[in-house]
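Reading through the structure tokens given below for one structure.
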Amino acid sequence: MARATGSWLSGPAAANPGGDHDAQAYQGEYLGLPKTGRGSLAATPRRVAALTIDWLMSMGVSALFLGAALDGGYLSTATLGVWFVLGVLSVSLFSFTPGQFVMGIQVGRIDGPGRVGVVRALVRQVFLAAVVPAVISDIDSRGMHDRATGTALLVAR
């Protein structure tokens, strides 16, 4: 039991293949991704900015739909619903949300070429809506939502 607790307390580096905690030269190396440029892992500030843009857009759309009902306190629930649908549809169709497009990043599969697909986009969005899985990350700064769906946020341009 002490070993399991020790590896858990060791942080995200404990997830390295082979148990070598210092062997990865850069984030994404074990995933076969380049260090920089197109196809590399997107940095956290770009991911947060993309999420903020998507949330603000969803809030605007929710406010338009609710109109005079804004004082009822339904804006946050409607915003979450719009954000959820926007994320599932846009990631499954285009591999990026509008905010990700603006920030030059996209959701990509790491297990092979091809689109993310509806099922992966739906599962990923459910985990994102729960918030906690998204803030727990591994050595590559991929959240649990990306690890569970075999995806990563990659630099598109």
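Among the residues of the range 50-59, those identified as out of contact with any strand residue (DSSP E or B) (no Cβ under 8 Å at 6 or more places or on another chain) and either of a type in the set (A, V, I, L, M) or outside any helix (DSSP H, G or I) (or both) are Leu51, Ile53, Leu56, Met57, Met59. Within the range 104-147, which residues are at positive phi and either among the hydroxyl-bearing types (Ser, Thr, Tyr) or open to solvent by less than 40 Å² (accessible area, probe 1.4 Å) (or both)? Matches in the range 104-147: Gly104, Gly112, Gly117, Ser141.
Quick one: is Gly67 outside any strand (DSSP E or B), within 19 Å of Ala156 (Cβ to Cβ), without any contact (Cβ under 8 Å) to a residue 24 or more places away in the chain and open to solvent by less than 40 Å² (accessible area, probe 1.4 Å)? So Gly67 fails the test.
If the condition is being out of contact with any strand residue (DSSP E or B) (no Cβ under 7 Å at 6 or more places or on another chain) and touching a residue at least 40 places away in the same chain (Cβ under 8 Å), then the range 136-157 contributes Asp138, Ile139, Arg157. Of everything in the range 33-52, what is closer than 18 Å to Gly112 by Cβ and either free of Cβ contacts under 8 Å to residues at least 24 places away in the same chain or in contact with a helix residue (DSSP H, G or I) (Cβ under 9 Å, 6 or more places away or on another chain) (or both)? Give them in sequence order. Within the range 33-52, just Pro34 meets the criteria.
Residue-wise test of (1) open to solvent by less than 30 Å² (accessible area, probe 1.4 Å); (2) outside any loop (DSSP other than H, G, I, E, B); (3) modelled with pLDDT under 90.
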| residue | (1), (2), (3) |
| --- | --- |
| Gly6 | no, yes, yes |
| Tyr26 | no, no, yes |
| Arg38 | no, no, no |
| Val48 | no, yes, no |
| Val61 | no, yes, no |
| Asp71 | no, yes, yes |
| Gly81 | no, yes, no |
| Ser92 | yes, yes, no |
| Gln100 | yes, yes, no |
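The values are calculated or read from the model by the stated rules, or taken from the named source; none is laboratory data. Since the model is a prediction, treat every value here as computed from it, not as a measurement. Reconstructed Cβ throughout: ideal geometry from the backbone, glycine too, with neighbour counts over all protein chains shown. For the accessible areas, the whole protein counts, side chains as well, though only heavy atoms, and no ligand, DNA or RNA atoms are used. Shrake-Rupley method; radii C 1.70, N 1.55, O 1.52, S 1.80 Å.
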